[in-house]
Amino acid sequence: MLIAQITDLHLGFDEGNPVEFNRKRLDAVLKVLIEGPNRPDLLLVSGDLTDRGDDESYRRCADALAGCPFPVYPTVGNHDLRDAFARHFPKVPMVDGFVQYSLRHDGLRLIVIDTRERSRHGGGFCTRRAAWLRARLSEDRDTPTVIVMHHPPLDVGIEWMATHADEPWVARFAEAIAGQQQVRAILCGHLHRAIVAPWHGVTVTICPSTAPQVALDLNPIDPERPDHREMIVAEPPGYALHRWTGQELVTLFDTVENHVVLARFDEKLQPLVRQLRAEWPVS
């Protein structure tokens, strides 16, 4: 099974412009997923669908995703507003006002949780959300499980976007998944870069954004001393593909941009492909 993930669409950043830069970037990624060689079985959209949470941007987002010939499963990020999200994605389940739900595909369980916290750029995970997650995990301790959320629960080194280990919501989330050996991976967005890191014995995979990326600068930042560092850069829009083998989840990242093809599988490369195939174990 092939799972695609996109994140941080930020539609409506250029307010009132239906053909804004971020929409063009989203359309380019969706075109590759739909028409390219790796059409997924489903698509996860891990938050920040819009930049301001306005109805018009959600309408444009829903219209763009409606063209996908595979199921689409979105959740919210810090830039989203749940009421507007629910109006334009009415089939997405909500629990106690939070966008949280689970689904199963090809022997894999996906649990989508809501880490939006009102008035915070960073994440949140209250006791009600934690109780719901613990209950869902306790229902099935055997099926391999992936948790999908917007905010990563760890600090990756980009200081101005950091999640700190001592934030209460991080401890609450860690406690909710503690001892749950069926949890194989945590898929996130928010940081606008492709990042992979271990955390509490689980692999956290952060998807690059379809909107512009966060600049890769690991130096400390002083809020009182602007140093003119790069913060947001127009690197190509990105996405992730998570390949579930039945045993393991393998993640691959790609970007959408014009590139020069240096080799194709033709008669000249056929001997190499034959050689490589001959080295496979005989089944």
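Over all alpha-carbon pairs in the chain, figure out the percentage whose distance exceeds 34 Å. List each step's numbers first, then the result.
Details: 8519 of 39903 pairs.
Here the long-distance tail beyond 34 Å is 21 percent of all Cα pairs in the chain.
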- [ ] Compare SER57, SER138, SER46 in a GNM of the chain, Cα atoms joined below 10 Å, and give the one with the largest fluctuation.
- [x] SER138
Task: Interchain or long-range residues, amide H under 5 Å from GLN213's placed H - done: VAL233, GLU235
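Tally Lys and Arg at +1 and Asp and Glu at -1 over the other residues with C-beta under 15 Å from the C-beta of HIS228: what net charge comes out?
On the way: positive: ARG225, ARG229; negative: ASP217, ASP222, GLU224, ASP227, GLU230.
It works out to a net charge of -3.
If you count only protein heavy atoms with a 1.4 Å probe, what accessible area per residue comes out for the stretch 65-187, rounded to a whole Å²?
Numbers: 5330 Å² over 123 residues.
Heavy-atom SASA per residue in the stretch 65-187 reads 43 Å².
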Open item on the list: Kirkwood hydrodynamic radius, computed over distinct alpha-carbon pairs, for the stretch 177-283: how many Å, to one decimal?
Closed with: 17.9
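Per-residue ellipticity at 222 nm for the chain, helices alone: DSSP H runs ≥ 4 residues times -39500 (n - 2.57), over residue total, nearest 500 deg cm²/dmol? Can you show the working numbers first?
Values: 6 runs with 66 residues, N = 283.
Taken over the chain, the calculation gives -7000 deg cm²/dmol.
Given 10 °C and 1.306 mPa s, how large is the Stokes-Einstein diffusion coefficient of the stretch 1-156 in µm²/s, with Rh as the Kirkwood radius over Cα pairs? The partial results should precede the final answer.
Values: Rh = 16.2 Å.
The diffusion coefficient I find is 98 µm²/s.
Probe radius 1.4 Å, ligands and nucleic acids left out: which of HIS88, HIS242 has the largest accessible area, and how do the rest follow?
Details: HIS88 50, HIS242 0 Å².
Most to least solvent-accessible, the answer reads HIS88, HIS242.
For the stretch 110-252, give the magnitude of the charge dipole about the Cα centre (Cβ charges: +1 Lys/Arg, -1 Asp/Glu; no others), in debye to the nearest 20. Could the numbers behind the result be given before it?
Values: 14 positive and 17 negative charges, 114 e Å.
Computed charge dipole of the stretch 110-252: roughly 540 debye.
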Task: Rounded to whole Å, sorted largest first: equivalent-ellipsoid semi-axes of the stretch 86-238, Cα gyration tensor - done: 29, 17, 16
Task: Rg followed by Dmax, in Å, when the stretch 61-121 is reduced to its Cα trace - done: 12.5, 38
TODO: Express the carbon and sulfur contribution to the solvent-accessible surface of the stretch 77-158 as a percent, rounded to the nearest whole number, probe 1.4 angstrom.
DONE: 47
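When DSSP assigns beta bridges and you keep just the ones with both residues in the chain, what percent turn out antiparallel, to the nearest 5? Don't jump to the answer; show the numbers that get you there.
Working: 24 of 45 bridges.
Antiparallel bridges: around 55 percent, rounded to the nearest 5.
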Task: Computed accessible area, ASP106, all protein chains, 1.4 angstrom probe, square angstrom - done: 110
Task: Cα point-scatterer Debye curve for the stretch 135-211, base-10 log of I(q)/I(0) at q = 0.14, 0.25 Å⁻¹ - done: -0.46, -1.26
Task: Coarse-grained scattering of the stretch 69-170 at q = 0.21 Å⁻¹, given as base-10 log I(q)/I(0) from a Debye sum over alpha-carbon atoms - done: -1.20
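The values are calculated or read from the model by the stated rules, or taken from the named source; none is laboratory data. Computed from a predicted structure; not experimentally measured. In this analysis, Cβ positions are derived from the backbone assuming ideal geometry, glycine residues included, and neighbour counts consider all displayed protein chains. Surface accessibility is based on the protein's heavy atoms, side chains included, excluding ligands, DNA and RNA. Shrake-Rupley method; radii C 1.70, N 1.55, O 1.52, S 1.80 Å.
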